[in-house]
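Here is the structure we will look at, set down as C-alpha coordinates.
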Amino acid sequence: MTSFPTRLINKLEERSEAGNLRKLAERDEGIDFYSNDYLGLSSYTTIAHTSASSPGSSRLIAGTTNEHLSFERQFAKQYGHEAALLFNSGYSANCGLFSAIGLKDTVFVYDEFIHASIKDGLRLSFSKAFSFKHNDVADAERLLKKFKGQHVFIVVESLYSMHGDFAPLKEISLLAQEYGADWIVDEAHTGGLFCKGGYCEYLSIEPLPFARIVTFGKAYGSHGACVLSAQLVIEYLINFSRPFIYTTALSVSHVKELEEKVIHSDLSQHQHQLQENISYFRAQCKQTGLISAPASPIQTLHIGDTHLAKLREQECEKNGIHIKAILAPTVPKGLESLRISIHSFNTLKEIDLLLEIL
(Lines give C-alpha, C1' and ligand atoms only; values in the text may rest on other atoms or scores of the structure.)
Protein backbone atom coordinates (compact mmCIF):
# COMPACT_ATOMS: atom_id res chain seq x y z
CA MET A 1 0.00 0.00 0.00
CA THR A 2 1.28 3.45 -0.91
CA SER A 3 2.07 5.55 2.17
CA PHE A 4 -0.50 8.19 3.04
CA PRO A 5 0.79 11.64 1.97
CA THR A 6 2.21 13.70 4.84
CA ARG A 7 0.26 16.79 3.78
CA LEU A 8 -3.01 14.86 4.18
CA ILE A 9 -1.95 13.56 7.60
CA ASN A 10 -1.17 17.16 8.57
CA LYS A 11 -4.67 18.25 7.56
CA LEU A 12 -6.16 15.61 9.85
CA GLU A 13 -3.88 16.64 12.72
CA GLU A 14 -4.77 20.30 12.25
CA ARG A 15 -8.45 19.51 12.49
CA SER A 16 -7.91 17.32 15.54
CA GLU A 17 -5.95 20.08 17.29
CA ALA A 18 -8.75 22.55 16.51
CA GLY A 19 -11.20 20.21 18.25
CA ASN A 20 -13.45 19.65 15.24
CA LEU A 21 -12.29 16.30 13.83
CA ARG A 22 -15.31 14.45 12.46
CA LYS A 23 -15.90 10.85 13.57
CA LEU A 24 -18.61 8.28 12.94
CA ALA A 25 -20.64 7.21 15.96
CA GLU A 26 -23.30 4.54 16.17
CA ARG A 27 -26.73 5.92 16.96
CA ASP A 28 -27.85 4.66 20.36
CA GLU A 29 -30.94 4.95 22.51
CA GLY A 30 -31.90 8.38 23.73
CA ILE A 31 -34.18 11.35 23.13
CA ASP A 32 -33.92 12.55 19.54
CA PHE A 33 -33.29 16.28 19.17
CA TYR A 34 -30.78 15.94 16.35
CA SER A 35 -32.25 14.05 13.37
CA ASN A 36 -34.07 15.59 10.40
CA ASP A 37 -37.03 13.21 10.89
CA TYR A 38 -39.24 16.20 11.71
CA LEU A 39 -42.60 14.43 11.34
CA GLY A 40 -41.49 11.05 12.69
CA LEU A 41 -42.20 9.29 9.40
CA SER A 42 -39.01 7.20 9.43
CA SER A 43 -40.76 4.80 11.81
CA TYR A 44 -43.97 4.84 9.78
CA THR A 45 -44.68 1.33 8.53
CA THR A 46 -45.73 1.12 4.90
CA ILE A 47 -47.21 -1.77 2.97
CA ALA A 48 -44.80 -1.25 0.06
CA HIS A 49 -43.32 -4.70 -0.44
CA THR A 50 -42.55 -6.46 -3.69
CA SER A 51 -40.40 -9.39 -4.72
CA ALA A 52 -39.09 -7.44 -7.73
CA SER A 53 -37.26 -5.03 -5.46
CA SER A 54 -34.09 -3.87 -7.24
CA PRO A 55 -33.93 -3.03 -10.97
CA GLY A 56 -30.18 -3.75 -10.87
CA SER A 57 -29.51 -1.09 -13.46
CA SER A 58 -29.45 2.62 -14.16
CA ARG A 59 -32.68 4.28 -15.25
CA LEU A 60 -31.55 4.46 -18.89
CA ILE A 61 -30.99 0.70 -19.19
CA ALA A 62 -33.34 -1.54 -17.17
CA GLY A 63 -33.92 0.65 -14.14
CA THR A 64 -37.06 2.54 -15.20
CA THR A 65 -40.31 0.87 -14.18
CA ASN A 66 -43.91 1.99 -14.29
CA GLU A 67 -43.62 2.70 -10.55
CA HIS A 68 -40.80 5.19 -11.12
CA LEU A 69 -42.66 6.99 -13.90
CA SER A 70 -45.94 7.03 -11.98
CA PHE A 71 -44.35 8.50 -8.88
CA GLU A 72 -42.60 11.22 -10.89
CA ARG A 73 -45.87 12.19 -12.61
CA GLN A 74 -47.82 12.29 -9.35
CA PHE A 75 -45.15 14.22 -7.48
CA ALA A 76 -44.80 16.82 -10.25
CA LYS A 77 -48.55 17.37 -10.21
CA GLN A 78 -48.63 17.62 -6.40
CA TYR A 79 -45.91 20.30 -6.42
CA GLY A 80 -47.33 22.18 -9.41
CA HIS A 81 -44.60 21.53 -12.00
CA GLU A 82 -44.75 19.93 -15.44
CA ALA A 83 -42.33 17.14 -14.63
CA ALA A 84 -40.07 15.57 -12.00
CA LEU A 85 -36.96 13.41 -12.04
CA LEU A 86 -36.12 11.02 -9.22
CA PHE A 87 -32.56 10.90 -7.88
CA ASN A 88 -31.10 8.63 -5.20
CA SER A 89 -30.32 11.48 -2.78
CA GLY A 90 -30.56 15.22 -2.38
CA TYR A 91 -26.80 15.44 -2.80
CA SER A 92 -26.84 13.68 -6.18
CA ALA A 93 -29.87 15.72 -7.27
CA ASN A 94 -28.06 19.00 -6.62
CA CYS A 95 -24.81 17.83 -8.17
CA GLY A 96 -26.73 16.46 -11.12
CA LEU A 97 -28.80 19.59 -11.73
CA PHE A 98 -26.17 22.30 -11.35
CA SER A 99 -23.35 20.48 -13.11
CA ALA A 100 -25.64 19.83 -16.10
CA ILE A 101 -27.21 23.27 -16.59
CA GLY A 102 -24.06 25.26 -15.74
CA LEU A 103 -22.75 26.15 -19.20
CA LYS A 104 -19.92 28.57 -19.98
CA ASP A 105 -22.28 31.49 -20.62
CA THR A 106 -24.20 30.90 -17.38
CA VAL A 107 -23.77 32.86 -14.13
CA PHE A 108 -24.98 31.54 -10.79
CA VAL A 109 -25.64 33.99 -7.96
CA TYR A 110 -26.06 32.05 -4.73
CA ASP A 111 -26.59 32.59 -1.02
CA GLU A 112 -23.29 32.26 0.87
CA PHE A 113 -24.84 29.64 3.21
CA ILE A 114 -26.07 27.42 0.39
CA HIS A 115 -25.66 23.66 0.89
CA ALA A 116 -22.36 21.95 0.07
CA SER A 117 -24.03 19.73 -2.53
CA ILE A 118 -25.00 22.80 -4.56
CA LYS A 119 -21.51 24.24 -4.26
CA ASP A 120 -20.08 20.94 -5.47
CA GLY A 121 -22.49 20.93 -8.40
CA LEU A 122 -21.38 24.44 -9.31
CA ARG A 123 -17.72 23.42 -9.12
CA LEU A 124 -18.44 20.58 -11.56
CA SER A 125 -20.10 22.95 -14.02
CA PHE A 126 -18.50 25.23 -16.63
CA SER A 127 -20.25 28.32 -15.30
CA LYS A 128 -19.21 31.24 -13.14
CA ALA A 129 -20.62 31.43 -9.61
CA PHE A 130 -20.69 34.28 -7.09
CA SER A 131 -22.10 34.38 -3.57
CA PHE A 132 -24.16 37.11 -1.95
CA LYS A 133 -24.55 37.80 1.76
CA HIS A 134 -26.93 35.46 3.56
CA ASN A 135 -30.59 36.36 2.94
CA ASP A 136 -29.49 39.80 1.71
CA VAL A 137 -31.70 40.67 -1.27
CA ALA A 138 -29.88 43.97 -1.83
CA ASP A 139 -26.55 42.19 -2.15
CA ALA A 140 -28.09 39.71 -4.56
CA GLU A 141 -29.39 42.65 -6.61
CA ARG A 142 -25.88 44.11 -6.68
CA LEU A 143 -24.69 40.99 -8.48
CA LEU A 144 -27.66 40.94 -10.83
CA LYS A 145 -26.84 44.49 -11.90
CA LYS A 146 -23.23 43.46 -12.48
CA PHE A 147 -24.23 40.60 -14.78
CA LYS A 148 -27.25 42.21 -16.41
CA GLY A 149 -27.80 40.89 -19.93
CA GLN A 150 -26.28 37.49 -19.15
CA HIS A 151 -28.11 34.26 -18.30
CA VAL A 152 -28.26 34.38 -14.51
CA PHE A 153 -29.67 31.91 -11.98
CA ILE A 154 -30.37 33.00 -8.39
CA VAL A 155 -29.93 30.00 -6.05
CA VAL A 156 -31.32 29.77 -2.51
CA GLU A 157 -32.56 27.24 0.02
CA SER A 158 -36.04 27.57 1.45
CA LEU A 159 -34.80 26.76 4.98
CA TYR A 160 -31.13 26.85 5.95
CA SER A 161 -30.24 23.78 7.95
CA MET A 162 -27.49 25.21 10.14
CA HIS A 163 -29.28 28.42 11.14
CA GLY A 164 -32.94 27.46 10.94
CA ASP A 165 -33.94 30.60 9.04
CA PHE A 166 -36.09 30.87 5.93
CA ALA A 167 -35.08 32.50 2.67
CA PRO A 168 -37.12 35.55 1.55
CA LEU A 169 -38.57 33.63 -1.38
CA LYS A 170 -41.17 36.22 -2.38
CA GLU A 171 -38.50 38.92 -2.59
CA ILE A 172 -36.19 36.61 -4.53
CA SER A 173 -39.01 35.80 -6.97
CA LEU A 174 -39.72 39.48 -7.59
CA LEU A 175 -36.01 40.21 -7.99
CA ALA A 176 -35.67 37.48 -10.60
CA GLN A 177 -38.64 38.85 -12.54
CA GLU A 178 -37.29 42.40 -12.42
CA TYR A 179 -33.89 41.43 -13.86
CA GLY A 180 -35.03 38.68 -16.20
CA ALA A 181 -33.16 36.03 -14.21
CA ASP A 182 -34.13 32.45 -13.43
CA TRP A 183 -34.13 31.19 -9.87
CA ILE A 184 -33.82 27.81 -8.18
CA VAL A 185 -34.79 26.82 -4.64
CA ASP A 186 -33.67 23.75 -2.68
CA GLU A 187 -36.62 22.71 -0.52
CA ALA A 188 -34.73 19.96 1.30
CA HIS A 189 -35.85 21.07 4.76
CA THR A 190 -39.37 22.31 3.92
CA GLY A 191 -40.73 19.52 1.74
CA GLY A 192 -43.65 17.97 3.65
CA LEU A 193 -43.58 20.49 6.49
CA PHE A 194 -46.36 22.94 5.68
CA CYS A 195 -48.64 21.66 2.92
CA LYS A 196 -48.84 19.08 0.13
CA GLY A 197 -47.15 21.29 -2.46
CA GLY A 198 -44.13 22.53 -0.54
CA TYR A 199 -43.08 25.90 0.83
CA CYS A 200 -43.58 27.77 -2.46
CA GLU A 201 -47.23 26.73 -2.45
CA TYR A 202 -47.50 27.64 1.23
CA LEU A 203 -46.31 31.17 0.38
CA SER A 204 -48.50 31.29 -2.77
CA ILE A 205 -45.50 32.12 -4.97
CA GLU A 206 -46.28 32.63 -8.64
CA PRO A 207 -44.74 31.97 -11.04
CA LEU A 208 -42.90 28.98 -9.64
CA PRO A 209 -39.09 28.96 -9.89
CA PHE A 210 -37.15 27.47 -12.79
CA ALA A 211 -36.51 24.38 -10.65
CA ARG A 212 -37.04 23.04 -7.15
CA ILE A 213 -35.20 20.23 -5.39
CA VAL A 214 -37.22 18.30 -2.81
CA THR A 215 -35.53 15.60 -0.77
CA PHE A 216 -37.25 12.73 1.00
CA GLY A 217 -34.64 12.15 3.72
CA LYS A 218 -35.95 14.85 6.05
CA ALA A 219 -39.63 15.38 6.88
CA TYR A 220 -40.73 12.52 4.65
CA GLY A 221 -38.61 10.07 6.67
CA SER A 222 -37.13 8.18 3.74
CA HIS A 223 -34.39 8.88 1.16
CA GLY A 224 -34.08 10.04 -2.42
CA ALA A 225 -34.95 13.38 -4.03
CA CYS A 226 -36.72 14.90 -7.00
CA VAL A 227 -35.83 17.78 -9.27
CA LEU A 228 -39.02 19.58 -10.32
CA SER A 229 -39.11 21.72 -13.45
CA ALA A 230 -40.50 22.02 -16.98
CA GLN A 231 -40.69 18.90 -19.12
CA LEU A 232 -37.93 20.18 -21.40
CA VAL A 233 -35.57 20.69 -18.44
CA ILE A 234 -36.22 17.16 -17.19
CA GLU A 235 -35.52 15.76 -20.66
CA TYR A 236 -32.26 17.71 -20.68
CA LEU A 237 -31.24 16.22 -17.30
CA ILE A 238 -32.02 12.70 -18.50
CA ASN A 239 -29.50 13.29 -21.28
CA PHE A 240 -26.79 15.33 -19.54
CA SER A 241 -26.98 14.82 -15.75
CA ARG A 242 -24.17 12.37 -14.96
CA PRO A 243 -25.25 11.51 -11.36
CA PHE A 244 -28.61 10.47 -12.80
CA ILE A 245 -27.32 8.66 -15.90
CA TYR A 246 -24.65 6.58 -14.16
CA THR A 247 -26.44 5.56 -10.93
CA THR A 248 -28.39 2.38 -10.25
CA ALA A 249 -32.09 3.19 -9.89
CA LEU A 250 -33.92 3.19 -6.59
CA SER A 251 -35.71 -0.10 -5.92
CA VAL A 252 -39.36 -0.57 -6.82
CA SER A 253 -40.24 -1.23 -3.18
CA HIS A 254 -38.62 2.04 -2.17
CA VAL A 255 -40.50 3.99 -4.85
CA LYS A 256 -43.75 2.45 -3.62
CA GLU A 257 -42.84 3.51 -0.08
CA LEU A 258 -42.25 7.05 -1.33
CA GLU A 259 -45.62 7.07 -3.08
CA GLU A 260 -47.38 5.97 0.09
CA LYS A 261 -45.65 8.51 2.32
CA VAL A 262 -45.38 11.48 -0.03
CA ILE A 263 -48.44 11.21 -2.27
CA HIS A 264 -51.12 9.36 -0.33
CA SER A 265 -50.47 10.19 3.35
CA ASP A 266 -52.28 12.97 5.19
CA LEU A 267 -49.50 14.68 7.13
CA SER A 268 -51.59 17.55 8.54
CA GLN A 269 -51.79 16.14 12.08
CA HIS A 270 -48.02 15.61 12.20
CA GLN A 271 -47.44 19.11 10.80
CA HIS A 272 -49.75 20.67 13.40
CA GLN A 273 -48.15 18.80 16.30
CA LEU A 274 -44.68 19.81 15.10
CA GLN A 275 -45.63 23.50 15.14
CA GLU A 276 -47.15 23.07 18.60
CA ASN A 277 -43.89 21.62 19.89
CA ILE A 278 -41.78 24.35 18.25
CA SER A 279 -43.98 27.05 19.81
CA TYR A 280 -43.71 25.41 23.23
CA PHE A 281 -39.94 25.13 22.98
CA ARG A 282 -39.54 28.80 22.03
CA ALA A 283 -41.98 30.00 24.68
CA GLN A 284 -40.14 28.11 27.44
CA CYS A 285 -36.57 28.68 26.25
CA LYS A 286 -34.75 31.28 28.35
CA GLN A 287 -31.46 31.01 26.47
CA THR A 288 -30.07 34.00 24.63
CA GLY A 289 -28.60 33.38 21.22
CA LEU A 290 -31.54 31.58 19.61
CA ILE A 291 -31.17 32.61 15.96
CA SER A 292 -33.82 30.53 14.16
CA ALA A 293 -37.20 31.44 12.71
CA PRO A 294 -40.29 30.86 14.91
CA ALA A 295 -41.79 28.19 12.61
CA SER A 296 -38.57 26.32 11.89
CA PRO A 297 -38.07 22.76 13.19
CA ILE A 298 -34.38 23.62 13.35
CA GLN A 299 -33.75 25.76 16.41
CA THR A 300 -30.13 26.89 16.49
CA LEU A 301 -28.51 28.25 19.64
CA HIS A 302 -25.47 30.38 18.83
CA ILE A 303 -22.48 29.61 21.08
CA GLY A 304 -19.52 31.09 19.19
CA ASP A 305 -16.88 28.75 20.63
CA THR A 306 -15.94 25.19 19.68
CA HIS A 307 -15.06 24.05 23.20
CA LEU A 308 -18.21 25.43 24.82
CA ALA A 309 -20.46 24.02 22.09
CA LYS A 310 -18.94 20.55 22.54
CA LEU A 311 -19.29 20.77 26.33
CA ARG A 312 -23.00 21.51 26.02
CA GLU A 313 -23.47 18.67 23.58
CA GLN A 314 -21.68 16.29 25.98
CA GLU A 315 -23.78 17.44 28.94
CA CYS A 316 -26.96 16.67 27.01
CA GLU A 317 -25.59 13.26 25.97
CA LYS A 318 -24.88 12.41 29.61
CA ASN A 319 -28.56 12.95 30.30
CA GLY A 320 -29.75 10.83 27.38
CA ILE A 321 -30.51 13.69 25.01
CA HIS A 322 -29.10 13.76 21.49
CA ILE A 323 -28.37 17.20 20.04
CA LYS A 324 -25.57 18.26 17.72
CA ALA A 325 -22.80 20.83 18.15
CA ILE A 326 -22.19 22.46 14.76
CA LEU A 327 -18.55 23.47 14.43
CA ALA A 328 -16.25 25.05 11.86
CA PRO A 329 -15.74 24.30 8.98
CA THR A 330 -19.42 23.27 8.67
CA VAL A 331 -20.17 26.84 9.76
CA PRO A 332 -17.74 29.80 9.67
CA LYS A 333 -15.48 30.16 12.71
CA GLY A 334 -17.25 32.19 15.37
CA LEU A 335 -20.68 30.81 14.42
CA GLU A 336 -20.31 27.53 16.34
CA SER A 337 -23.76 26.53 17.56
CA LEU A 338 -26.01 23.90 19.07
CA ARG A 339 -28.43 22.61 16.43
CA ILE A 340 -31.66 21.44 18.04
CA SER A 341 -34.19 19.59 15.88
CA ILE A 342 -37.76 19.65 17.14
CA HIS A 343 -40.05 16.80 16.05
CA SER A 344 -43.76 16.08 16.10
CA PHE A 345 -43.07 13.05 18.33
CA ASN A 346 -41.14 14.91 21.05
CA THR A 347 -43.14 15.11 24.27
CA LEU A 348 -43.43 18.24 26.41
CA LYS A 349 -41.62 16.33 29.16
CA GLU A 350 -38.68 15.71 26.80
CA ILE A 351 -38.60 19.37 25.76
CA ASP A 352 -38.66 20.45 29.42
CA LEU A 353 -35.73 18.13 30.19
CA LEU A 354 -33.73 19.54 27.28
CA LEU A 355 -34.37 23.12 28.41
CA GLU A 356 -33.46 22.27 32.01
CA ILE A 357 -30.10 20.83 30.95
CA LEU A 358 -29.35 23.76 28.63
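The values are calculated or read from the model by the stated rules, or taken from the named source; none is laboratory data. All values derive from a computational prediction rather than experimental measurement. For neighbour counting, all protein chains shown are included, and Cβ atoms are generated from backbone atoms with ideal geometry for every residue, glycine included.
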Open item on the list: Out of everything in the stretch 255-269 that is out of contact with any Asp or Glu (no Cβ under 9 Å at 6 or more places or on another chain) and surrounded by fewer than 22 Cβ atoms within 10 Å (Cβ to Cβ), what residue ends up being farthest from A76 (Cα to Cα)?
Closed with: Q269
Task: Residue list for the stretch 276-288, restricted to those being under 15 Å from I351 (Cα atoms) and surrounded by fewer than 18 Cβ atoms within 10 Å (Cβ to Cβ) - done: E276, S279, Y280, R282, A283, Q284, C285, K286, Q287
Open item on the list: Of the residues Q275, Q271, Q314, Q299, only one is without any contact (Cβ under 8 Å) to a residue 60 or more places away in the chain and under 21 Å from the mean Cα position of the chain (by Cα); which?
Closed with: Q275
TODO: May I ask you to list the residues in the stretch 302-319 that are surrounded by 17 or more Cβ atoms within 10 Å (Cβ to Cβ) and either assigned to a strand (DSSP E or B) or acidic (D, E) (or both)?
DONE: H302, E313
TODO: Return yes or no: is G180 assigned by TED's automatic domain parsing to the domain that holds K104, farther than 30 Å from G56 by Cβ and either surrounded by fewer than 23 Cβ atoms within 10 Å (Cβ to Cβ) or in contact (Cβ under 8 Å) with a residue 60 or more places away in the chain (or both)?
DONE: yes
- [ ] Give the residues of the stretch 20-56 that are modelled with pLDDT of 80 or more and at positive phi, sorted by residue number.
- [x] G30, G40
TODO: Could you please find all residues in the stretch 231-252 being of a type in the set (S, T, N, Q), part of a helix (DSSP H, G or I) and farther than 14 Å from E72 by Cα?
DONE: N239
Task: Enumeration of residues in the stretch 200-211 that are farther than 17 Å from E171 by Cβ and either over 20 Å from the mean Cα position of the chain (by Cα) or of a type in the set (D, E, K, R) (or both) - done: E201
TODO: Look at N88 and say whether it is under 17 Å from the mean Cα position of the chain (by Cα) and farther than 22 Å from Y160 by Cβ.
DONE: yes
Task: Residue ranges of helices (runs of 4 or more DSSP H) in the stretch 57-147 with at least 1 members of a type in the set (D, E, K, R) - done: 66-78, 116-124, 137-146
- [ ] Please work out if I291 is buried (at least 18 other Cβ atoms within 10 Å of the Cβ) and out of contact with any Pro (no Cβ under 7 Å at 6 or more places or on another chain).
- [x] no
Task: Failed criterion for E206 (all others in (1) within 27 Å of Y38 (Cβ to Cβ); (2) touching a Leu at 6+ places or on another chain (Cβ under 8 Å) hold) - done: (2)
Task: The lone exception for A283 - which of (1) without any contact (Cβ under 8 Å) to a residue 60 or more places away in the chain; (2) assigned to a loop (DSSP other than H, G, I, E, B); (3) among the aliphatic types (A, V, I, L, M) it fails - done: (2)
